[in-house]
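I have placed the structure first, in the form of structure tokens, so that the comments after it can refer back to it.
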Amino acid sequence: MMSDSRLIIILVIISTTFFTVGSIRLFKDASSDFMEAPAYQNGPKCSVLAKNRLLLACDPSAVHIAMTLDPAYLRGTVSAVNSILKHTSCPQNIFFHFIASASSHGLLAKTLSSVFPSLSFKVYTFDETIVKNLISSSIRQALDSPLNYARSYLSEILSSCVHRVIYLDSDVIVVDDIKKLWEISLSGSRTIGAPEYCHANFTKYFSDGFWSNRKLSSVFDSKTPCYFNTGVMVIDLDKWRDGDYTKKIENWMKIQKEERIYELGSLPPFLLVFSGEIEAIDHQWNQHGLGGDNIVSSCRSLHPGPVSLIHWSGKGKPWVRLDDGKPCPVDYLWAPYDLHKSQRQYLQYNQELEIL
């Protein structure tokens, strides 16, 4: 008779093998998991840009958007792209710059081409080794992914012909014309534009040790630092390169490794370098925090006022909560842009129930 301990080991091996094989199968077949998006066309008033995607990748007249491509967030990325194309006046004048790890680059590019056959985009490989030794553990494991730090290296990853870019997280939905965000000017020496939240308690983003160390905390002297969310940023890449801001962010990450001055992954270095010196954009362009806090996922409502971009920052993601049958009310705002076949079947089933 087989011992209990041996049986447990065998069951663990079987379940692990099944999970791994299943994950590989789902990852390889990702393109078949999504429906093809509508063919979005430019309106009559749109300027005519190059149809050649390689030329469009460097065209300053195009709207350039950068996003990371992570298999775990692919469903969110597809929905975000779908929402952007649906609401913009000139969808064919948008160029997407996607950053992926070497292990998933090819398969994710294939999926995007399948879902968006006419999409103008390029997938770049992010060398995760350049940042792995700089990452410190944070309050949430997802924040420790090397790809989460790719936003700090956009000036190096993207070609030097790209002078300006909108960076977006994968858990957003855009319900306005992204061209409005693109056209916001960055005055003077401003390198970044983002919604700013000066009512937030800025001190909580850093440790007591940081604030008591004058050598460190003096970085905010002569500034009025405010919190901003790095999931939605307009970035002047030329100014970034001139200011060598990637190196400045890396320097703070090195200090973090030695002195542990914050807990929130890639966000605090941006605050240390840019807070108090960003172009404040209207809050409607980042209705964030809808994924709840970083420890316990909880439902939250939209903030008062107009809405152009909805952001499920935090632990809870709408596709997970919808699949689990435990959606928050705001998750139903995300669902119409979901191109995953399982979600469409779910919506169709519910519509049939309503008819009956």
_Mean accessible surface per residue for the chain, computed with a 1.4 Å probe while every protein chain stays in place, in Å²_ = 48
*Give the longest segment of the chain that steers clear of trypsin sites (Lys or Arg not before Pro) in DSSP loops with at most 12 neighbouring Cβ atoms within 10 Å, not counting the sites themselves.*
52-222
*asked:* For percent of Cα pairs over 37 Å apart, pick the label among (1) 44; (2) 21; (3) 14 that corresponds to the value derived from the coordinates.
replied: (2)
*Tally up the carbon and sulfur contribution to the accessible surface of the chain as a whole percent, 1.4 Å probe, everything protein left in place.*
56
*Antiparallel bridge percentage (DSSP; both residues within the chain; nearest 5)*: 40
_Helix-derived mean residue ellipticity, 222 nm - over the chain, DSSP H n ≥ 4, -39500 (n - 2.57), to 500_ = -10500 deg cm²/dmol
*Give the residue from 38, 213, 305 lying farthest towards the positive end of the charge dipole for the chain; charges sit on Cβ (+1 for Lys and Arg, -1 for Asp and Glu) and the dipole is referred to the Cα centre.*
38
*Between residue 303 and residue 208, what length in nm is gained on full extension when 0.36 nm per residue of separation is reduced by their alpha carbon distance?*
31.2 nm
_Can you return the lysines within cross-link range of residue 179? Criterion is Cα-Cα under 25 Å, with same-chain partners fewer than 8 residues away left out._
45, 51, 86, 122, 239
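The values are calculated or read from the model by the stated rules, or taken from the named source; none is laboratory data. Nothing here was measured: the structure is a model prediction, and the numbers come from that model. Cβ coordinates were reconstructed from backbone atoms using ideal geometry, including for glycine residues, and neighbour counts include every protein chain displayed. For the accessible areas, the whole protein counts, side chains as well, though only heavy atoms, and no ligand, DNA or RNA atoms are used. Shrake-Rupley method; radii C 1.70, N 1.55, O 1.52, S 1.80 Å.
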